[in-house]
Each structure stands twice: as structure tokens, then as C-alpha cells.
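Novice: This is the structure, below, for whatever I ask next.
The values are calculated or read from the model by the stated rules, or taken from the named source; none is laboratory data. Here the structure is a predicted model, which is why all the values come from computation and not from measurement. Note: ideal-geometry Cβ built from the backbone for every residue, glycine included; neighbour counts use all protein chains shown.
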Amino acid sequence: MEAKRPTIEFFFDILSAYSYIGFETLLSLDWEVNIALKPFLLFKVSKESGNIPPAMIKSKRSFVLRDLQRQAGHCGIKFCVPKRFPINTIPIMRFLVLLNETNRIAAFKATKVLFNLYWGCGFDVSIFANVVEKLAYETGFSKDELAGMYKKSNEDENYLQILDKNCAEALDAGAFGAPTMLVKLTSASHKEFFFGSDRFHHIQEYLESEQPALIPSKSKL
């Protein structure tokens with residue numbers, strides 16, 4: 001019988017560069033865990049938690065850029081500063097909610113595409129026409145199918161409600177920015193809170209506290 005796996009819930013917004021680095025890092029790790037995508041809205045979580053994203057603070061902006069370049073370089077991740085920042089990501093995050101509710105594999109692929117186009121290539125992903133061709137190539141859906149999903153996700157209030165629910169869940173756990181990760185061990189009744197794209201060594205230690213053999217040697221940080 002296959003052993004139960006811990007779960008990592010990954011709360012993110014395409015607007016967050018640290019979420020981009022965290023997402024790429026998480027996918028690169030050969031850990032025996034379940035990963036659940038939790039699209040949310042960075043500005044909503046930041047505002048309701050009383051936090052100001054560092055990129056919005058002039059005195060921190062230059063450091064944040066250097067820090068992102070260092071982290072991306074260390075992880076071997078392509079990084080550039082988008083020509084348009086910030087952008088309104090609500091429509092594209094609603095689209096990701098729809099995909100995540102109906103086709104998890106496609107949701108992972110689409111999330112990777114959108115992160116790479118925005119933070120790897122600098123494309124404005126708030127304009128669906130800029131991304132639909134690449135999304136079609138990577139997800140296997142036709143451009144018309146994707147356009148229909150995008151339209152539905154932004155007309156059906158259910159997807160906005162799920163987005164709001166994810167924000168509320170993250171805030172209840174103590175979130176103040178992105179990426180936020182909630183880790184649930186198989187034996188635990190609670191979810192442990194982790195924040196940031198550079199905390200995976202702490203997550204590794206937490207996972208190994210329950211199952212020492214969970215992390216293959218080649219994937220240890």
C-alpha cells in the first residue's frame with residue numbers, strides 16, 4: 001500500500017516575482033509530496049494584513065531587484081524586469097482558478113507559462129492575447145477553448161469567490177505576502193506556515209521530522 005504523502009499548499013500571484021522563483025524551485029525538487037496550487041491576490045493579502053510589498057517601497061526597490069537577480073541566478077532561473085509592473089492580475093488569476101478546479105495538470109502548466117512569460121520574458125500577461133498561443137502550445141487546449149475558459153472565469157462569480165476564499169485562508173494562517181506555503185504532515189492536524197522563495201531548507205527539515213526518508217539524497221538542500 002502506497003504511503004500517504006504530506007501536502008504543500010502553494011499560495012501565489014503571478015504578480016509576485018518571489019512566487020515565480022518559489023514555484024520553479026518547488027517543481028524542481030524531487031520530494032515525495034502532494035502540491036496544491038492556491039491562486040490568490042497579492043495586493044489583497046498585503047492590504048488586509050497591513051503589509052506593503054517591498055517592491056512598492058522606494059528605499060527597498062533597488063535591493064529587491066538585486067535580491068531577485070541573485071536568487072534567480074543561484075537557482076538557474078531566467079529573470080527579467082517586466083516593462084509593465086504592476087499589472088492587474090485579477091482576470092488571469094481567475095482563469096487559473098478555473099483551470100485548477102477543472103484540470104490540475106493544465107493549471108500547473110499554465111502557471112509555469114504565465115510566470116515565465118512575465119518574469120522570464122517581460123511580457124504583459126494581463127493581456128490574454130499575449131499569452132494564449134503559448135498557453136495553447138503547453139496545455140494542449142486550442143486557443144478558442146482557452147479563450148472560452150478565460151471568458152467564463154471572468155463572468156462566473158464563483159471563480160472570484162474561490163480566489164477570495166484562498167486569500168481568506170492564507171490570511172487566517174498568518175499570510176502577509178507571497179509565496180505563502182502551508183505544509184501538512186500526514187500525522188498532523190494543523191498546517192505549518194512558511195513564507196518566501198528561500199525557505200525550502202526549513203520545509204525540508206519539517207518534512208523529514210515526520211518521514212526521514214521522504215527527501216531523496218539527490219534532492220536535499
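Novice: Would you mind stating whether residue 147 is among the small types (Gly, Ala, Ser), out of contact with any Lys or Arg (no Cβ under 6 Å at 6 or more places or on another chain) and in contact (Cβ under 8 Å) with a residue 60 or more places away in the chain? Before you say what the answer is, go through the steps one by one.
Specialist: Values: among the small types (Gly, Ala, Ser): yes; out of contact with any Lys or Arg (no Cβ under 6 Å at 6 or more places or on another chain): yes; in contact (Cβ under 8 Å) with a residue 60 or more places away in the chain: no.
Against the criterion (among the small types (Gly, Ala, Ser), out of contact with any Lys or Arg (no Cβ under 6 Å at 6 or more places or on another chain) and in contact (Cβ under 8 Å) with a residue 60 or more places away in the chain), residue 147 does not qualify.
Novice: Can you tell me which residues in the stretch 118-165 are assigned to a loop (DSSP other than H, G, I, E, B) and within 30 Å of residue 69 (Cα to Cα)?
Specialist: As a first pass, look at the stretch 118-165 and keep what is assigned to a loop (DSSP other than H, G, I, E, B): 121-127, 131, 140-142, 156.
Passing the criteria: 121, 122, 123, 124, 125, 126, 127, 131.
Novice: Among 154, 166, which is crowded, with 20+ Cβ neighbours inside 10 Å and touching a Lys or Arg at 6+ places or on another chain (Cβ under 6 Å)? Quick ask: steps written out before the conclusion?
Specialist: Details: 154 fails: crowded, with 20+ Cβ neighbours inside 10 Å.
166 is the lone residue from the list that is crowded, with 20+ Cβ neighbours inside 10 Å and touching a Lys or Arg at 6+ places or on another chain (Cβ under 6 Å).
Novice: Just to be sure I understand, how many residues within the stretch 32-72 are farther than 18 Å from residue 176 by Cβ and of a type in the set (Lys, Arg)? Spell out the reasoning first.
Specialist: Going through the stretch 32-72, the residues farther than 18 Å from residue 176 by Cβ turn out to be 32-37, 58-59, 61-63, 65-66, 68-72.
Retained after the next criterion (residues that are of a type in the set (Lys, Arg)): 58, 61, 66, 70.
Here the count works out to 4.
Novice: Further question: Is there a residue in the stretch 103-116 that is touching an Asp or Glu at 6+ places or on another chain (Cβ under 6 Å), of a type outside the set (A, V, I, L, M) and either touching a residue at least 40 places away in the same chain (Cβ under 8 Å) or part of a helix (DSSP H, G or I) (or both)?
Specialist: Taking the stretch 103-116 and keeping what is touching an Asp or Glu at 6+ places or on another chain (Cβ under 6 Å), we get 109, 113.
The next check asks that each one be of a type outside the set (A, V, I, L, M); those that pass are 109.
Next, from what is left, pick out any that are either touching a residue at least 40 places away in the same chain (Cβ under 8 Å) or part of a helix (DSSP H, G or I) (or both): 109.
Looking through the stretch 103-116, at least one residue is touching an Asp or Glu at 6+ places or on another chain (Cβ under 6 Å), of a type outside the set (A, V, I, L, M) and either touching a residue at least 40 places away in the same chain (Cβ under 8 Å) or part of a helix (DSSP H, G or I) (or both).
Novice: Now for a different question. Would you check which residues across the stretch 65-113 are of a type in the set (Lys, Arg) and surrounded by 15 or more Cβ atoms within 10 Å (Cβ to Cβ) and list them?
Specialist: Initial filter on the stretch 65-113 (of a type in the set (Lys, Arg)): 66, 70, 78, 83-84, 94, 104, 109, 112.
Once the filter is applied, which keeps residues that are of a type in the set (Lys, Arg) and surrounded by 15 or more Cβ atoms within 10 Å (Cβ to Cβ), the stretch 65-113 yields 94, 109, 112.
Novice: Can you tell me how many residues within the stretch 55-80 are modelled with pLDDT of 95 or more and of a type in the set (A, V, I, L, M)?
Specialist: Of the residues in the stretch 55-80, 3 are modelled with pLDDT of 95 or more and of a type in the set (A, V, I, L, M).
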